[in-house]
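Have a look at the structure below, then the notes.
The values are calculated or read from the model by the stated rules, or taken from the named source; none is laboratory data. Treat the numbers as computed from the prediction; the structure is a model and nothing was measured. Positions of Cβ are backbone-derived with ideal geometry, glycine not excepted, and every protein chain shown enters the neighbour counts.
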Amino acid sequence: MSKMDQPYAIEFQNVSISFDDRPVLVDVSFKLRHGAMIILTGESGSGKSVLLRLAMGLEKPDAGQIFINGREICRLRESDLLAIRGGLMGMVFQEESLFTGLSVYDNVAYRLDEHGWSEEDIDKAVNQVLKFVGLDGEDNKLPEELSGGMKRRLEIARALVGWPSIMLFDEPTMSLDPIVALQVMDLVIRARDIHQISSIYVTKKPMEIPYFANYVARRKEGGIIVQEAQAAERPDTSIIVLESGRIVLNGSVESFQSSKLESVKRMLTLEQDTNEPEIYFQDPWTKSRVARERLL
């Protein structure tokens, strides 16, 4: 089946939800194509995390329909939802969710074991994803022995193990230092481009948005590189801005950067006023910049 014939990876149709009679999402509709990436942004309290929870079936909407690979998940039994979360989808949460008493290996293997994978298949999948995130050789360490960046990479490994076709990222670089944040962003790009994973990436950092839209991952002898994309090979990336639970922009990076929306202006102004070090980043997406290539 071609991509054109496939149902969308995720589709929201006129979805609304309220908590304690307070509207959180209002008439939200969008489509995530297979292999594509939606960057979801907006100010705090705009409904971003709730949207992800709805996509995972962790919340049910008051109105509207949600489809995952063509299946309306609001009508599914909990056992079917668990199967989707266990195999089809992965999610990296804002907060740390590692099992502190389990080793790196067992943290990653846990979900596969729960879903009845054989020991041989688990071992192969865990070793593969630990290598992918650069944690091979750290199998026996406990989370407390890892740095903040390594913990975040372990969270990503746990979500990616078994290579789900859909990934949800809820501000995965929040509170990380600039260099580690860039490493995490590269992992997201590598998952998208090398494994063709469809993804929704939530961020309140506007500076991250052009990076995902203009950089791609490629296999080369000796490893995988992340580098600036040529015009004809830019990744399938779009931007959704939420404001008070409503979609106020759904379009390209350029439409976001030129937006006259007050909420977007505030986000961009706050970012310009930040005291973060220059390394993050000094206009890293200018066309005159030499392409950054790193073997990972």
Practice task
Among the residues of region 215-247, count how many are without any contact (Cβ under 8 Å) to a residue 40 or more places away in the chain and over 20 Å from the mean Cα position of the chain (by Cα).
Solution key: 6
Handout entry: Residue check for Leu142: surrounded by fewer than 18 Cβ atoms within 10 Å (Cβ to Cβ), farther than 26 Å from Gln196 by Cα and hydrophobic (A, V, I, L, M, F, W, C)
Key = yes
Fill in the blank from the handout: Restricting attention to region 237-266, the residues that are modelled with pLDDT of 95 or more and within 11 Å of Ala213 (Cα to Cα) number exactly 3
Practice task
Tell me the strands (runs of 3 or more DSSP E) entirely within region 1-68 that contain at least 2 residues that are among the polar types (S, T, N, Q) and surrounded by fewer than 17 Cβ atoms within 10 Å (Cβ to Cβ).
Solution key: 10-19
Practice task
Please enumerate the residues belonging to region 72-83 that are more than 20 Å from the chain's Cα centre (by Cα) and free of Cβ contacts under 8 Å to residues at least 12 places away in the same chain.
Solution key: Glu72, Arg75, Arg77, Glu78, Ser79, Asp80
Practice task
Within region 181-200, identify whether any single residue is in contact (Cβ under 8 Å) with a residue 24 or more places away in the chain, touching a His at 6+ places or on another chain (Cβ under 9 Å), under 25 Å from Gln94 (Cβ atoms) and not acidic (Asp, Glu), and answer yes or no.
Solution key: yes
Practice task
Hey, could you check region 162-180 for residues that are free of Cβ contacts under 8 Å to residues at least 60 places away in the same chain and within 16 Å of Met91 (Cβ to Cβ) and say which is farthest from the chain's Cα centre (by Cα)?
Solution key: Trp163
Practice task
Return yes or no: is Thr173 of a type in the set (Ser, Thr, Tyr) and under 24 Å from Glu262 (Cα atoms)?
Solution key: no
Exercise for the section: Could you grab me the full set of residues in region 93-126 that are β-branched (Val, Ile, Thr) and under 22 Å from the mean Cα position of the chain (by Cα)? Expected result: Val104, Val108, Val126
Problem - Residue ranges of strands (runs of 3 or more DSSP E) in region 145-230 with at least 2 members crowded, with 21+ Cβ neighbours inside 10 Å - result: 166-170, 198-202, 215-220
Fill in the blank from the handout: When (1) part of a helix (DSSP H, G or I); (2) at positive phi are applied to Gln128, the one that fails is (2)
Handout entry: Ser97 vs. criteria surrounded by 15 or more Cβ atoms within 10 Å (Cβ to Cβ), part of a loop (DSSP other than H, G, I, E, B) and of a type in the set (Gly, Ala, Ser)
Key = no
